[in-house]
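Every read-out reported here was derived from the displayed coordinates using simple, explicitly stated rules and does not represent laboratory data. It should be emphasised that the depicted structure is a prediction, and the values quoted were computed from it without experimental measurement. Note that we place each Cβ from the backbone using ideal geometry, even for glycine, and neighbour counts take in every protein chain shown.
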Amino acid sequence: MTTQTLAAAAAGTWRLGDLTVNRIGFGAMRLTQQGAVFDDGAAPSDRDRAIAVLRRAVELGVDHIDTAAFYFSSLRSANELINRALGPYPDGLVIATKVGPRRDASGDWQPWSRPEQLRGQVEENLRQLGRDHLDVVNLRTQGSAPIAEHFGVLAELREKGLIRHLGLSNVRPAQLAEARAIAPVVCVQNRFAVDSALPGSAEMLRICEEEGIAFVPFFAIAGEGREAGAVGSERPEILAVARAHGVSPVQVRLAWTLHQGPHVLAIPGTGNPAHLEANVAAGALRLTPEELSLLGQGPAAGRPSAG
């Protein structure tokens, strides 16, 4: 790719319910601190730079931002940064948040909440973001236990107008079926990368395409590095494709993600303005069938490349 297209629209669009968004979005998890995410010893991020990154993302056409009230460090809150940078929010901007995990009163991480705690988490997101309703709320699950009671609470809040659309995060196919019996699901967020995936994500990718549900991978860049970020070494196949296009390995990873189907949305996160622009430019990168075969199409084998 000799010239990189800096426009989120280059990757095409998909739907979150009745909301249409560009397939390249932005994940807010890395805005709040330097180093590994959820590392209590990490230094806080630079506030002005984080705000500048958010504003630049919207300038580039990013209209889908993924966040959560539990994305915070000792001095930074992702939701507060979003509110400060982008409020009053432009028309067409979709902010998706998630509930389920939380920090308790002592600051300790709690990966799963009781159903009766979810309304308070929704209200906390509303307060922090300065909204009277939330565009999308994802229930972030823990393990494969039934979720009907938890999802039912969110469905009731949707009926009351506090939530527009519902999604799921970190789920298995059986949990998706359980939730859809209660209320519509517009998106599924699962760990999914060229070299890493949550068990069952290959089947989930297929189910979501068949049902018109957006599939939103997280850790598409980090892979097995997960919260700690991308690993230091890179697969030779990814390096070879990157050299052929004159792009970075991260951009190849994002392009591979988007090639897994027209219903796949990417939400790469960064607090670095240069990395943001490179991530957005990856939406214009088209991989050949031979390159996809080299990288390993995995669950999308035989699928024509998207875009």
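So, in Å, what gap is there between the alpha-carbon centers of region 39-101 and region 167-218?
Here the two parts' Cα centres lie 24 Å apart.
Counting DSSP beta bridges with both partners in the chain, what percentage is antiparallel, nearest 5?
Antiparallel bridges: around 30 percent, rounded to the nearest 5.
For a quick check: with amide H placed at 1.01 Å from N, whose amide H comes under 5 Å from V94's, ignoring anything fewer than 5 positions away on the same chain?
Distant-sequence amide H within range of V94: H64, I65.
Given a cut-off of 37 Å, what percent of all Cα-Cα pairs of the chain lie beyond it?
Within the chain, distances greater than 37 Å cover 9 percent of Cα pairs.
Would you work out which of S293, N83, A242 lies farthest towards the positive end of the dipole of the chain, given +1 charges on the beta-carbon of Lys and Arg and -1 on that of Asp and Glu, about the Cα centre?
The residue sitting farthest along the positive end of the dipole is N83.
Output ³J(HN,Hα) for region 270-275: one whole-Hz value per residue in order, computed from phi by the Karplus curve 6.51 cos²θ - 1.76 cosθ + 1.60 with θ = phi - 60°, and x for Gly and Pro.
So the Karplus estimates, Gly and Pro as x, are 6, x, 10, x, 5, 5 Hz.
Under 11 Å from a point placed 7 Å out from the Cα of E123 along the Cα-to-Cβ direction: which residues of region 79-108 have their backbone N that close?
So the set is empty, nothing qualifies.
Could I have the simple spin-label model distance between R55 and S144, label points 7 Å from Cα toward Cβ, reported in nm to one decimal?
4.8 nm
Which percent, nearest 5, of DSSP beta bridges in region 64-181 are antiparallel?
Antiparallel bridges make up about 20 percent of those DSSP assigns within region 64-181.
Nearest 10 degrees is fine. How inclined is helix 236-245 to the longest principal axis of the chain, computing both from alpha carbons?
70 degrees
Taking only Cα atoms, what is the 0 to 90° angle, nearest 10, from helix 118-129's long axis to the longest principal axis of the chain?
70 degrees
What are the ³J(HN,Hα) couplings of region 12-17, residue after residue, when phi is run through the Karplus curve with 6.51, -1.76, 1.60 and θ = phi - 60°? Round to Hz, x for glycine and proline.
x, 10, 8, 10, 10, x
May I ask for the angle, rounded to the nearest 10°, between helix 148-159 and the longest principal axis of the chain, with both axes built from Cα atoms and the value confined to 0 to 90°?
80 degrees
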